[in-house]
1. Can you find, within segment 293-305, the residue that is surrounded by the fewest Cβ atoms within 10 Å (Cβ to Cβ) among those that are more than 30 Å from A329 (Cβ to Cβ) and under 23 Å from the mean Cα position of the chain (by Cα)?
2. Could you check, for segment 391-400, whether at least one of its residues is at pLDDT 95 or above, assigned to a strand (DSSP E or B) and over 20 Å from T161 (Cβ atoms)?
3. What are the residues in segment 301-327 that are in contact (Cβ under 8 Å) with a residue 60 or more places away in the chain and of a type in the set (D, E), if any?
4. Of all residues in segment 266-287 being of a type in the set (A, V, I, L, M) and farther than 29 Å from T213 by Cβ, which is farthest from the chain's Cα centre (by Cα)?
5. When segment 170-217 is examined, which residues are found to be of a type in the set (K, R) and surrounded by fewer than 16 Cβ atoms within 10 Å (Cβ to Cβ)?
6. In a strand (DSSP E or B), buried (at least 18 other Cβ atoms within 10 Å of the Cβ), acidic (D, E) and at negative phi: is that true of D144 in this structure?
7. Kindly list, by first and then second residue, each pair from a residue in segment 233-259 that is closer than 23 Å to A317 by Cβ to a residue that is open to solvent by 60 Å² or more (accessible area, probe 1.4 Å) and of a type in the set (F, W, Y), limited to pairs with Cβ atoms under 7 Å and residues at least 6 apart or on different chains.
8. Residue by residue through segment 268-292, note down the ones that are of a type in the set (S, T, N, Q) and surrounded by 20 or more Cβ atoms within 10 Å (Cβ to Cβ).
Amino acid sequence: MKKSVIALALVGIMPMLAANGATYRSSSSAGVKGNTYKAKSSGGYKNTITNNFYYNAGSSRGAYVNRTPYQGYSEDSYARPTRVKVADKKTTTRRSVKTQERKFFLAHPFFQPLKGRFGSVTDVSYSKGATNFTLLNANIRDLDAASPTVGNTAKGLTFSTDLKAKEITTQFAVKEDISYGLTDKLALMLMAQYDKTDMEVKDWSDGSTGTKTSTSGLNIFGIGLQGRFLDTPDYIGMLSGYFQHQKDAANTLMAELKLGTKIERFTLYGLARASYSKLDNKGAYGAYMKEGNGDWFMLSYQLDTDSVFQAEGGIGAFAVFNKYMTGKAELTYGSYDWHEQMNLRGEIGFQPGDSFAINLYASTSLYDSAKGKTKTYINYDVNPDAIPDTSALPADQQIDANSKLLYTYGDYKINKYNEWKIGVQGILYF
């Protein structure tokens, strides 16, 4: 039965195609090759670095110029040659030298490796999703082959009071993205993810004991291509496509388009992402928990389906604060098959050198349409503790009080739904 469902890793924890956590997105990056040349001008030399960034010799000390998929840093060390007259009519000359330092910021959203070079992003994250829900009704089917009422289903049962509880999913994940520059504009991407996911149903309003389960393993693998098809002094564009396999769950195709404009120290951009997942078996997917004794419980999101489609769009801004610090903010709105969500993500980066950076990030849902939706829950119960009295029901709906295997399903209402995620990325370029 487990093979017929897909756990929350696909659409439960941070369902953004970014994700999430469980969804492959290239954040590995490096840059584009730049050529340096000197052109004679009336005031000395004017240094220009094309393709990577543009530097104007008249820029003030410590200027940060954004002319590429990433930011460039340039600094005037001291002024150009000048002649100064002193009181005794003697003329002296002060020698001038101009130096330049280039710096490429690895956390830039359009960064990718040059031909023959590698980018690596190690992402360590912690996610949490919580659903407050109410069970509205129940239908109980007797599956015990030794029971005299096997095959009977008690339909339309209701609870004497509202039966409420909370489902919480937490996930610790380590994701590794490796990218390799096939050309200066096209990169190959590989990824893998290890995750440990804990799921718990607790705080039952009738005092029932909660349930907690845990799973872990190397569960996600992916491969893809990323291409920068546009890169001018003012605009940049990138298109990516990948294939991802989630163990015992689904195969997914994804695409991402980003277009941006460069304004001094900022890159402002828009994005669009879409994915199509083919489930391993036709069935249901949702928050699924299985215990060691064979019992399982599921808050389903969709039933009788073999595919999932998700899409989102958004806007973002990347900024250089100084030679070492960067920041990024991204706002997205998406349709994730069974619900819509608005999500905000913020990042702060520190890059001490050219080949290493560390990036801290956090994201949270600002709005989710899941609140108020009614879905189907399923409970598979081995050796149930108590069976409702069904003697007043028609004979074909009665359940024997000694049955050892029950299958219960019904409607549940989502009262509250939210998600958040924090993480740190270590980025290498070599």
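The values are calculated or read from the model by the stated rules, or taken from the named source; none is laboratory data. Quick caveat, the model's predicted, so the values are computed rather than measured. We place every Cβ from the backbone using ideal geometry, glycine too, and count neighbours over all the protein chains shown. Accessible surface areas use protein heavy atoms only, side chains included; no ligands, DNA or RNA. Shrake-Rupley method; radii C 1.70, N 1.55, O 1.52, S 1.80 Å.
1. So the residue we want is Q302.
2. no
3. Once the filter is applied, which keeps residues that are in contact (Cβ under 8 Å) with a residue 60 or more places away in the chain and of a type in the set (D, E), segment 301-327 yields only E312.
4. L268
5. K196, K202, K212
6. Here the answer is no, as D144 does not meet what is asked.
7. Here the result reads P233/Y54; G237/F229; L239/F229, each pair linking segment 233-259 to a residue that is open to solvent by 60 Å² or more (accessible area, probe 1.4 Å) and of a type in the set (F, W, Y).
8. Matches in segment 268-292: S275, S277.
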